[in-house]
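K.L.:
This is the structure I want to talk about, given as structure tokens.
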Amino acid sequence: MLPPIAGIESARCPSIKHEFFNKISRRGDVTIWIEDGTAGKWSAPKRKGRGGRPKYSDFAIETCLTLGLIFHQPLRQTQGFVRSLLGLMGVELPVPDFSTLSRRTIGLSVVDDRPKSSGPVTLIVDSTGLKIHRGSGWQEVKHGTGKTRKSWRKLHIGYDPDSGEIIASLLTIDQVGDETALPELIAGIETPVARILADGAYDGTGVSNCLSEAFGPDVEITIPPPITAVPGLSDRRDAHIEHIAEHGRMAWQSATGYNARALVEAQIGRRKFVIGPRLNAREMDRQITENKITTKSLNRMTRIGRAVFKRVA
């Protein structure tokens, strides 16, 4: 089943396979309906001060952009896709054109509707690279220019393994390291954090101090020290070094629960499978909005249902 997409929900027939998310041509029969009250939120509210009034609300723009991301449609095709959906449902609502969608993407307010946690959570942080749009090579062939350097963006996420949702997300340029991006990544987390898991890229005194200041001195930090690590930076890190030296790395992972960090890697893989391994937008401002909508959509999919695994033997 697809997530409720900013006012539009979709129910999947039993015959539809998971390839639905990546190949729209194989999506099969899908029933889509509009949530009550959507029409009243489609138009922008009246302005109280001076200036022109936009025609479409942020809700309408976010709905169209979300459908475009999930169904892998460029903005021009998204415009026609949404118009066709509304026409099939017999709903008379205007559809933003592709230029309006592009212009309104910058600075779009994407409200996080994730429910607040009732208690402290476990936070797993990691990062990955996302490709960005690159030309088709026409300029290189036409003008004989050298091959341009490929560039990409770095996506930093904070994952809650209990709820299965992404509770923090940050998009940066590729030169920004994990340790540098961490303070901004966790700045917006209002939920109490009792435990943090991260890979060796986050090992260092600066990271420990940052996490302790943000979540309190009692937060449990599990970060593997490198092979060449020597004691002396902190008591917590010294204990990890001593345990690894005495029992081995695999025993340390089992004793500390570090193996749960694989869950955030699975979440990154899910993001690249469902939405894609690249960003559609070309400018950083639009890419930031695209990432916010992606995170919100993935969390909604998670809330619909998660697989439950049980050991049988």
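K.L.:
Using R₀ = 30 Å, calculate the FRET efficiency as 1/(1 + (r/R₀)^6) where r is the Cβ-Cβ separation of Ala39 and Asp285; round to 0.05.
P.N.:
0.50
K.L.:
Need the full-extension length gain, Thr180 to His243, defined as separation in residues times 0.36 nm minus the C-alpha distance. One decimal, nm.
P.N.:
Length gained between Thr180 and His243: 19.9 nm.
K.L.:
Which FRET efficiency value, to the nearest 0.05, is calculated for Ala251 and Thr228 with the Förster distance at 35 angstrom and r the Cβ-Cβ distance?
P.N.:
According to the calculation, E is roughly 0.95.
K.L.:
Next up: What is the P(r) of region 192-258, as percent of Cα-Cα pairs per 10 Å bin from 0?
P.N.:
Pairs per bin, as whole percents: 21, 57, 22, 1.
K.L.:
Here's a follow-up. Provide Val91, Val193 ordered by accessible surface of protein heavy atoms (probe 1.4 Å), highest first. All intermediate terms of the calculation are to be shown ahead of the outcome.
P.N.:
Values: Val91 45, Val193 10 Å².
Result, largest first: Val91, Val193.
K.L.:
Multiply the residue separation of Arg270 and Arg306 by 0.36 nm, subtract the distance between their alpha-carbon atoms, and state the gained length in nm to one decimal.
P.N.:
11.7 nm
K.L.:
Related question: Counting only Cα atoms, I'd like the Rg/Rh figure for region 53-98, Kirkwood definition for Rh.
P.N.:
Looking at region 53-98, the ratio lands at 0.95.
K.L.:
At a 10 angstrom cut-off on C-beta neighbours, averaged per residue, how do the peptides 158-170, 248-260 rank from highest to lowest?
P.N.:
Ranking the peptides 158-170, 248-260 by packing returns 158-170, 248-260.
The values are calculated or read from the model by the stated rules, or taken from the named source; none is laboratory data. All of these numbers come straight from a predicted model, not from anything done at the bench. Reconstructed Cβ throughout: ideal geometry from the backbone, glycine too, with neighbour counts over all protein chains shown. In case anyone asks, the SASA skips ligands and DNA or RNA and just uses the protein heavy atoms, side chains included. Shrake-Rupley method; radii C 1.70, N 1.55, O 1.52, S 1.80 Å.
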